[in-house]
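Engineer: A single structure is presented below for examination.
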Amino acid sequence: MKNEELYALLRRRGVLWPSAEIYGGTQGLYDYGPLGFALKRRVEEAWAAWFVGLSHDYHLIEPAEILPEAVVRASGHLENFTDPEVTCESCHSVFRAETVLEKVRPEGVDGLTPAQIGEILSSNHVKCPTCASLALSVPRPFNLMFGLDWGVTGKERAYLRPETAQGSYLSFSRMWDVGRRALPLGIAVIGKAYRNEIAPRQVLFRMRAFTQAELQIFFDPAGFSVPFDRVRDELLPVLRVDRRERGEEAPELVRAGDLVASGGLPEFYVYHLVHTVRFFRDVLGYPADRIRLFEKSDKERAFYNRIQFDVEVRLESLSGYKELGAVHYRGDYDLSRHSQGSGKDLSVHPTGREPLLPHVLELTFGVDRNIWGLSDLHLGTEGERTLWKLPSYLAPVAVGVFPLIAKEHAPYALALADELAALGIPAQYDAGSSIGKRYARMDEAGTPFCLTVDGETLAEGPTKDTVTLRFRDTRTQERVARTDLAARILPALRPPRPART
Ligand code: GAP
């Protein structure tokens, strides 16, 4: 589906809509309705089951969303967290440099200096998108953080966190003390990040407030042992810098073992690339041939990274590959900067070892961008019907419960819906309109199972207390005893977990 068509469908179904819509919307902010909220929760749960599930020593925490200035100064965000912005000196409109250069330089402007970007603008005669003049300025760095006047005097400075990761670094020493005092130690955060994006656009893709799910794995730089043999033969769809420089865009399938043996990447890094690709492919259900691991060069990488592969997925609605997550090897950047900034030595003393400053491997995931990805890749039409083929454990509503004839079967169906909800099965009762329309509504919402209570359910005889169970994808139906329903449905609602390391 095209972007607008998909967005219209998501709005119509109450998955999401612009924030403060009655005032014309707020750029870069969206509200999730009942289906969107539930889907987002399930995606977050599936992410946690998979990534936090990688080890017994990985934990979720909830740090504060507001950071004092000293923190963002130490982290480098005050100085480096910028996006080049250009101003039209004729009409004074302001744009992201990357956006105005989209057609002449689709690979983006990461790693270019303002002067180089200015040169590309003028040599390509790029015009102002608003007034078509050629008076676009040389770009200047625009800091993307939202600053706050903090405290009663309003004179202190604080910032909305630009990435959830910072809370994990700030909590590291406390987590070391309250935990097993062993490495690797994983600290995960799922929550809002805030960026004053110059040009919010493409709905959930470039927002000003969005949800990240990020796992920071702190490990001993002398060795991060992983069961690499288990993944050695897995094929990964990579687009490395050398091939990008030759103008290639399609990923090539490379054995994980070869990325280590001849590709110069560490085992621990490739091992986590494999688990990340598996998450997108096996948990979110994205087609393997739409995923690529896009290596960023020295100049393009985020300022804190030593190795960076973005997970990109080809989306029809956004006309190409889009970054939906990434694997970042941040080295000791964060803990050494926060050691200096706070004056507290963040090195640790594992039993029987010299003190050491852990390194960080970050697995980052944009929740909202993946809500869009799940819509783009799984929501579509099949013949006459609109169908959201979400994996069952991600479906906002797991079971639709219908009385065939409201007047006769409603009390039984309502009691059944309550019974399932009490068992932890998200069930929605629907008695409105024809049974066909009710199925259609559930198909569009991605509901994998529908139960219909009918005359046979209530009549004395062999079918008493049985209902029809209808499957979304095949539309096949079975008659199932009420007492067997939970056992049939619950296993499909558990998100996959990785084998523990
Ligand atoms: N802690 C590392 C970090 O924040 P990032 O590449 O800036 O790295 C991580 O962001 C993920 O957050 C991205 O892969 C993307 O999925 C999501 N993300 C970043 N900016 C976003 C925005 N403006 N709107 C929606 N999602 C965004």
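The values are calculated or read from the model by the stated rules, or taken from the named source; none is laboratory data. If you're wondering where the values come from, they're calculated on a predicted model, not measured in any experiment. All Cβ positions, glycine included, derive from the backbone under ideal geometry; neighbour counts span all protein chains shown. The protein model used for the area step is the full one, side chains on, heavy atoms only, and it has no ligands, DNA or RNA in it. Shrake-Rupley method; radii C 1.70, N 1.55, O 1.52, S 1.80 Å.
Engineer: In Å², what does the accessible area per residue of the chain work out to with a 1.4 Å probe?
Structural biologist: 45
Engineer: Provide the FRET efficiency to the nearest 0.05 for the S319-E245 pair, computing r from the beta carbons and using R0 = 30 Å.
Structural biologist: Calculated value: 0.80.
Engineer: Between the DSSP loop rule and a limit of at most 14 other Cβ atoms within 10 Å, which GluC sites (Glu not before Pro) in the stretch 177-283 are left?
Structural biologist: Answer in residue order: E248, E249.
Engineer: Using the Karplus curve 6.51 cos²θ - 1.76 cosθ + 1.60 with θ = phi - 60°, what ³J(HN,Hα) values do you get for each residue of the stretch 274-283, in whole Hz, with x for Gly and Pro?
Structural biologist: 4, 5, 6, 4, 4, 4, 5, 7, 8, 9
Engineer: To continue, here is another question. Please give me, ordered by residue number, the trypsin sites (Lys or Arg not before Pro) of the stretch 1-86 that lie in loop per DSSP and have at most 15 other Cβ atoms within 10 Å.
Structural biologist: K2
Engineer: May I ask for the angle, rounded to the nearest 10°, between helix 333-342 and the longest principal axis of the chain, with both axes built from Cα atoms and the value confined to 0 to 90°?
Structural biologist: With both axes taken from Cα atoms, the answer is about 70 degrees.
Engineer: Okay, next question. Within the stretch 153-207, report the chymotrypsin sites (Phe, Trp or Tyr not before Pro) that DSSP leaves as loop and that have at most 10 other Cβ atoms within 10 Å.
Structural biologist: Sites meeting the loop and neighbour criteria: none at all.
Engineer: Evaluate the distance, in nm, between pseudo-label points positioned 7 Å from the Cα of E5 and of A64 along their respective Cα→Cβ axes.
Structural biologist: Reported label-point gap for E5 and A64 is 4.8 nm.
Engineer: Apply the Karplus curve 6.51 cos²θ - 1.76 cosθ + 1.60, θ = phi - 60°, to the phi angles in the stretch 202-215 and return the couplings in whole Hz, x for Gly and Pro.
Structural biologist: Residue by residue, the stretch 202-215 yields 6, 6, 7, 7, 10, 9, 9, 9, 8, 9, 10, 10, 9, 10 Hz.
Engineer: Please compute the modelled spin-label separation between S433 and T82, points set 7 Å along Cα→Cβ, answer in nm with one decimal.
Structural biologist: 5.4
Engineer: For R180 and K155, calculate 0.36 nm times their separation in residues minus their Cα-Cα distance, and state this gained length in nm to one decimal.
Structural biologist: Stretched out fully, the R180 to K155 stretch lengthens by 4.9 nm.
Engineer: What area, in nm² and to one decimal, does the C-alpha convex hull of the stretch 388-493 cast on average over all directions? Can you show the working numbers first?
Structural biologist: Details: hull surface 23.8 nm².
So the Cα hull casts an average projection of 5.9 nm².
Engineer: Right, here's the next one. Step through the table entries K2/K127; K407/K464; K2/K389, compare each Cα-Cα distance with 20 Å, and write down the pairs that go over it.
Structural biologist: Flagged as over cut-off: K2/K127.
Engineer: May I pose another question? Roughly how tilted is helix 34-51, in degrees to the nearest 10 and between 0 and 90, from the longest Cα axis of the chain?
Structural biologist: It works out to around 60 degrees.
Engineer: Please list, in order, the residues from the stretch 52-87 whose amide nitrogen is less than 14 Å from a point placed 7 Å along the Cα→Cβ vector of F303.
Structural biologist: 70-84
Engineer: Between S122 and D484, what is 0.36 nm times their sequence separation minus the Cα-Cα distance? Round to one decimal in nm.
Structural biologist: Answer, rounded to one decimal: 123.3 nm.
Engineer: Mind pulling the angle between the C-alpha long axis of helix 165-178 and the longest principal axis of the chain? Nearest 10 degrees, somewhere in 0 to 90.
Structural biologist: Helix 165-178 sits roughly 80 degrees off the main axis of the chain.
Engineer: Let me ask something else. Charges at C-beta only: +1 for Lys and Arg, -1 for Asp and Glu. How large is the resulting dipole of the stretch 388-493 about its Cα centre, in Debye rounded to 20?
Structural biologist: Computed charge dipole of the stretch 388-493: roughly 300 debye.
Engineer: Quick one: dipole size for the chain, taken about the Cα centre, charges +1 on Lys/Arg Cβ and -1 on Asp/Glu Cβ, in debye to the nearest 20.
Structural biologist: With Lys and Arg at +1 and Asp and Glu at -1, about 360 debye.
Engineer: Could you tell me what fraction of 2.2 N^0.38 Å the Cα radius of gyration of the chain comes to, as a two-decimal ratio?
Structural biologist: This ratio for the chain stands at 1.09.
Engineer: Among the Cys residues of the chain, which have no other cysteine Cβ under 4.7 angstrom away?
Structural biologist: C450
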